[in-house]
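The values are calculated or read from the model by the stated rules, or taken from the named source; none is laboratory data. In this text the structure is predicted, and so the values were computed from the model without any measurement. Here the Cβ is made from the backbone with ideal geometry for all residues, glycine too, and neighbour counts use every protein chain on show.
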Amino acid sequence: MLGLLALIAALFVAGFAGSLIRRNEADQRTANALAQAKEALIGYAANYPDEHPGRVFGYLPCPDRDGGTGEGTADTACGGEDVTVIGRLPWRTLELPPLRDGDGECLWYAVSGNFKNNPSTDLMNWDTNGLIIIMAPNGSNFVAGGSGSTAIPTRRAAAVIFAPGAILTGQDRSLAAIDPPTTCGGNYKAANYLDTDATSAINNASAASATKNALSKFIAAFNSNRTAAAANLFDDRLIVITADDIFLRRAQLRSDFLPYLNDPNPPQSKPRTGGMLRRAAECLVGYSQENGSPINPQDRRLPWAAPIVLSNTGTVYGTATNYADSALRYSGRLPFRVSASASATGNSTVQGAGGQLLREPPCPDQYWDTTTDAFWGNWKEQVFYAVARAYAPDSPSPTPADACTQRECITVDGVSGFAAVVILAGIKQAGQSRNIDVNPAYTSADKSNAANYLEGVNATAILQSNPSLEAPRQFSKVAGNDTVMCISASPASGLLYVDPTCSTPASTCTSNANSLAAYKSGNTNNCKLGTKSLLAACQNLAAMISSNNCSCKKSANDFISKKCLDGFADPKCQGAYTSLAAC
């Protein structure tokens with residue numbers, strides 16, 4: 001009898017242990033599948049511009065909602081703008097196998113309306129908050145986001161991936177009649193896979209709202225034998241993707257992430273160089289060259305700034321046309337439309353295009369291409385601009401050679417005489433908040449506070465609305481993590497040019513350039529040493545011009561090229577000399 005009882009007990013323990021091992025193995029398969037899908041989605045978003053030229057980092061694919069584009073392939077478009085959607089994980093689009101959970105079911109996926117790639121949102125950048133809240137198993141605390149007094153919008157999810165688990169009572173996972181998912185099996189009705197938590201009444205299958213910017217709530221409630229309600233049937237498992245996963249943990253590790261925004265190199269360089277900020281500065285310089293009717297080459301005036309506090313309609317900080325210049329505004333955000341400035345300066349090129357600055361013309365193609373336009377469109381809230389009173393639309397025309405002695409010019413790190421600065425805010429610092437409103441639309445009052453973007457003297461100077469010759473605005477390239485780029489005037493010609501260093505007075509560029517140009521005697525280039533060599537002094541001058549990022553650095557390199565060392569008959573060589581003389 002004792003032996004029989006021991007045998008029964010042993011069989012019971014062995015069966016229980018085997019069942020537990022199998023369940024643990026299934027749970028591990030689920031965890032592995034969820035983790036693999038998460039990494040693939042993060043990689044997709046962090047590498048988005050590589051596969052989608054002219055777009056920015058951060059976008060996630062639509063789910064596969066009906067098999068219409070092929071099983072496992074993301075829908076081309078899904079739902080309305082800023083509307084969260086749910087469907088099957090687009091494993092084929094992500095170049096994955098059909099990932100399955102421990103119960104053999106393929107994964108499901110919900111993407112926040114402002115992280116999906118089509119239709120896309122108005123501001124896709126590292127300050128974009130997701131629209132998805134994930135609740136904890138008790139149904140009241142949260143894993144991501146939260147609501148009411150416990151809301152932390154910056155922690156809301158950009159996406160969530162579901163492992164649906166085994167079929168539950170009331171669910172039908174028979175094969176769909178139209179575009180059936182023959183690899184994964186079953187159908188595309190979320191309620192047949194995702195469950196309702198009885199304790200909280202949260203339904204993972206229908207939490208996504210069809211309303212623009214509405215928050216969607218899902219629950220990570222483990223499974224039915226761990227929840228409090230006796231009638232609860234729930235076996236979903238899920239994993240969350242946040243904006244920080246995409247931007248901080250992956251995209252910012254790319255060597256070309258920040259250069260898309262702040263690369264200081266001239267945009268004409270090949271391969272593609274010159275970040276959005278440099279290109280925007282070039283557009284401002286281009287504007288100054290189109291003033292007057294007919295064009296007056298001596299009129300160097302730049303446009304007024306757009307307000308820091310936007311109060312227009314629509315998504316406010318997300319709508320490009322809301323970034324319009326304002327008369328007598330010397331500091332603010334970089335303007336998209338400059339109608340008031342164009343009227344004052346007679347800039348007919350801009351007036352003829354509805355006052356739009358960031359277009360061609362006045363921005364040549366090499367400055368304002370589709371990629372630049374996409375980064376400006378999604379990061380525009382983070383670009384600030386200040387114009388010196390000496391170069392503002394209400395300054396004298398033609399612009400006097402000694403403009404900075406008559407009206408205020410801008411100072412950067414102790415160097416004075418700049419016509420303007422453009423500034424790109426870095427990632428938010430401790431104490432800064434750029435959208436902590438419960439309202440997920442781009443209307444947050446946080447965005448109207450320059451101190452939430454800029455630091456130190458930059459945050460102070462950008463608010464100075466009435467600068468004077470006696471009290472010029474003081475900016476700095478080393479205040480916080482702001483990127484500051486200057487616009488200078490050449491002492492020789494008066495022409496404006498972009499000076500990314502903001503640290504080398506224009507006279508240094510002029511002096512070096514004139515010294516190099518002086519090696520031309522008629523059609524002879526005296527930089528040539530012997531038959532093939534280059535005079536060291538000329539090489540050093542060209543190197544200094546390049547290191548100071550002078551406007552004529554390309555011309556300096558052309559001047560000492562093999563073609564130009566042999567003489568100046570070629571128009572390119574003559575142009576190099578002319579440019580050096582005017583640098």
Exercise. State whether one or more residues within the range 179-200 are modelled with pLDDT under 95, aliphatic (A, V, I, L, M) and loosely packed, with under 15 Cβ neighbours inside 10 Å.
Key: no
Practice problem: Any chance you could count how many residues in the range 274-292 are touching a Cys at 6+ places or on another chain (Cβ under 9 Å) and of a type outside the set (A, V, I, L, M, F, W, C)? | Solution: 4
Practice problem: Please find, among Cys509, Cys573, Cys564, the residue that is part of a helix (DSSP H, G or I), on the phi < 0 side of the Ramachandran plot and more than 41 Å from the chain's Cα centre (by Cα). | Solution: Cys564
Exercise. Sort through Asp394, Asp373, Asp413, Asp365 and tell me the only one that's in the same structural domain as Gln298 (by TED's automatic domain parsing), without any contact (Cβ under 8 Å) to a residue 12 or more places away in the chain and not small (Gly, Ala, Ser).
Key: Asp365
Quiz item: Going by the conditions given, is Ala221 outside any strand (DSSP E or B), aliphatic (A, V, I, L, M) and either buried (at least 16 other Cβ atoms within 10 Å of the Cβ) or at pLDDT 95 or above (or both)?
Solution: yes
Quiz item: When residues of the range 377-411 are filtered for being aromatic (Phe, Trp, Tyr) and more than 28 Å from the chain's Cα centre (by Cα), how many remain?
Solution: 1
Quiz item: Can you tell me which residues in the range 137-176 are small (Gly, Ala, Ser) and surrounded by 15 or more Cβ atoms within 10 Å (Cβ to Cβ)?
Solution: Gly139, Ala144, Gly145, Gly146, Ser147, Ala151, Ala157, Ala158, Ala159, Ala163, Gly165, Ala176
Exercise. Take the residues in the range 441-479 that are buried (at least 17 other Cβ atoms within 10 Å of the Cβ) and among the small types (Gly, Ala, Ser), then tell me which one is nearest to Val309 (Cα to Cα).
Key: Ala450
Practice problem: Answer with yes or no whether Ser503 is modelled with pLDDT under 90 and over 28 Å from Arg249 (Cβ atoms). | Solution: yes
Exercise. Counting only residues that are among the aromatic types (Phe, Trp, Tyr), give me the strands (runs of 3 or more DSSP E) lying completely in the range 329-433 with at least 1 of them.
Key: 383-387, 415-418
Quiz prompt | When residues of the range 296-327 are limited to those that are modelled with pLDDT under 90 and over 19 Å from the mean Cα position of the chain (by Cα), the one nearest to Val56 (Cα to Cα) | solution = Gly314
Quiz item: In the range 241-294, which helices (runs of 4 or more DSSP H) lie fully inside it and hold 1 or more residues that are in contact with a Pro (Cβ under 9 Å, 6 or more places away or on another chain)?
Solution: 259-262, 276-288
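Any idea which residue in the range 338-376 is modelled with the lowest pLDDT, counting only those that are under 17 Å from Asn262 (Cα atoms) and surrounded by fewer than 20 Cβ atoms within 10 Å (Cβ to Cβ)?
Filtering first and then ranking leaves Gln366.
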Quiz item: Would it be correct to say that Ala441 is in the same structural domain as Leu302 (by TED's automatic domain parsing), of a type outside the set (S, T, N, Q), more than 18 Å from Arg278 (Cβ to Cβ) and not in a helix (DSSP H, G or I)?
Solution: yes
